[in-house]
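Written out below as structure tokens is the structure these notes cover.
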Amino acid sequence: MVLDKGLGLETAESLMNISGDYVDYLKFGWGTSIVHEQDIIKDKVAMYKSHNITPYTGGTLFELAYMNDKLEEFFQEAHDLGFEAIEVSDGSTTISHDKKLECIESAKKDGFEVLSEVGKKDPGLDKELSLDERIEYMQNELEAGSSLIIVEAREGGKNIGIYDKAGNAKEDEIDYILDNFDGNKILWEAPNKDQQVFFILKLGNDVNLGNVSTDDITSLETLRRGLRGDTVGKI
């Protein structure tokens with residue numbers, strides 16, 4: 001999953017022409033899909049889909065719609081822009097878990113593929129979520145209809161969830177999650193190269209990785225193929 005922070009159409013299209021084969025999901029980060037001209041967003045969405053990539057709206061936009069009691073309007077706007085998938089999260093706001101599950105089910109009924117995120121963007125709040133609670137929420141959201149569960153790490157990938165203050169993966173916690181949840185249904189946010197290398201060496205070169213920078217698509221593909229020193233001869 002690649003994070004689009006606001007690429008222009010021509011830049012995005014040029015990038016997909018050379019690297020689109022390596023991208024499965026393209027997230028319009030945060031609320032970026034409503035701060036640019038809607039015709040450009042529609043064209044970008046259509047362009048990504050032409051490369052067999054699933055574009056989707058960032059979770060912050062969903063959270064704002066929920067806070068303002070505008071989920072129906074949000075779903076309609078997403079449909080109008082051509083999105084067939086959305087992210088459901090509660091990383092920046094307080095949404096009860098039961099309400100979040102209802103939102104996942106509502107989005108599914110409205111025709112969307114749902115990717116849901118577990119974790120908080122505030123390190124203090126995220127640490128209040130125990131591993132067992134995290135796994136319970138992940139399982140509940142999968143059963144509610146999410147196709148993939150995103151493990152929160154933010155764009156910087158430090159001091160959140162499965163990463164420590166230096167951005168190093170907490171392997172014991174990751175092992176515990178994998179012992180209690182289907183790893184094929186997890187999208188690990190791994191924006192930094194060392195994190196990508198960690199997961200490739202631990203879980204294989206087809207591991208689901210997310211929040212990849214548009215600048216790092218080809219770099220990550222070479223890591224997956226063992227074409228960089230970090231992974232050569234190791235996968």
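The values are calculated or read from the model by the stated rules, or taken from the named source; none is laboratory data. Here the structure is a predicted model, which is why all the values come from computation and not from measurement. Glycine gets a Cβ as well: all are built from the backbone with ideal geometry, and neighbour counts include every protein chain shown.
Only one of (1) over 23 Å from Arg134 (Cβ atoms); (2) part of a strand (DSSP E or B) is not met by Leu3, so which one is it?
(1)
So which of Asp43, Asp69 is over 23 Å from Ser219 (Cα atoms), charged (D, E, K, R) and assigned to a helix (DSSP H, G or I)? Can you show your working first?
On the way: Asp69 fails: assigned to a helix (DSSP H, G or I).
The conditions single out Asp43.
Within the stretch 66-88, identify whether any single residue is in contact with a helix residue (DSSP H, G or I) (Cβ under 9 Å, 6 or more places away or on another chain), within 13 Å of Glu117 (Cα to Cα) and among the β-branched types (Val, Ile, Thr), and answer yes or no.
yes
Could you say whether any residue in the stretch 39-55 is in contact (Cβ under 8 Å) with a residue 24 or more places away in the chain and over 26 Å from Leu15 (Cα atoms)?
no
Would you confirm, using the coordinates I've provided, whether Glu63 is under 17 Å from the mean Cα position of the chain (by Cα), assigned to a strand (DSSP E or B) and either surrounded by fewer than 19 Cβ atoms within 10 Å (Cβ to Cβ) or not aromatic (Phe, Trp, Tyr) (or both)? I'd like the intermediate steps shown before the answer.
On the way: under 17 Å from the mean Cα position of the chain (by Cα): yes; assigned to a strand (DSSP E or B): no; either surrounded by fewer than 19 Cβ atoms within 10 Å (Cβ to Cβ) or not aromatic (Phe, Trp, Tyr) (or both): yes.
Against the criterion (under 17 Å from the mean Cα position of the chain (by Cα), assigned to a strand (DSSP E or B) and either surrounded by fewer than 19 Cβ atoms within 10 Å (Cβ to Cβ) or not aromatic (Phe, Trp, Tyr) (or both)), Glu63 does not qualify.
Conditions first: (1) over 13 Å from the mean Cα position of the chain (by Cα); (2) buried (at least 21 other Cβ atoms within 10 Å of the Cβ); (3) among the aromatic types (Phe, Trp, Tyr). Tyr22 passes all but one, so which condition is the exception?
The single condition Tyr22 does not satisfy is (2).
Among residues belonging to the stretch 66-90 that are out of contact with any Pro (no Cβ under 9 Å at 6 or more places or on another chain) and small (Gly, Ala, Ser), point out the one that is surrounded by the most Cβ atoms within 10 Å (Cβ to Cβ).
Only one residue tops the list, namely Ser89.
Within the stretch 7-46, work out how many residues are closer than 26 Å to Ala190 by Cβ and either of a type in the set (Asp, Glu) or modelled with pLDDT under 95 (or both).
Summing the residues that are closer than 26 Å to Ala190 by Cβ and either of a type in the set (Asp, Glu) or modelled with pLDDT under 95 (or both) in the stretch 7-46 gives 8.
Hey, does the stretch 187-205 have a residue that's β-branched (Val, Ile, Thr) and surrounded by 21 or more Cβ atoms within 10 Å (Cβ to Cβ)?
Yes: one or more hits.
Could you run through the stretch 72-91 and say how many residues are aromatic (Phe, Trp, Tyr) and not in a helix (DSSP H, G or I)?
Total satisfying the criteria: 1.
Can you report the number of residues in the stretch 50-60 which are of a type in the set (Ser, Thr, Tyr), closer than 14 Å to Ala107 by Cα and part of a helix (DSSP H, G or I)?
Looking only at that region, the number is 0.
If we scan the stretch 116-123, do we find a residue that is of a type in the set (Lys, Arg), assigned to a helix (DSSP H, G or I) and at pLDDT below 95?
The answer is no, given that none of the residues of the stretch 116-123 is of a type in the set (Lys, Arg), assigned to a helix (DSSP H, G or I) and at pLDDT below 95.
Tell me, yes or no, whether the stretch 6-18 has at least one residue that is crowded, with 19+ Cβ neighbours inside 10 Å and under 24 Å from Gly119 (Cβ atoms).
No, the stretch 6-18 contains no residue that is crowded, with 19+ Cβ neighbours inside 10 Å and under 24 Å from Gly119 (Cβ atoms).
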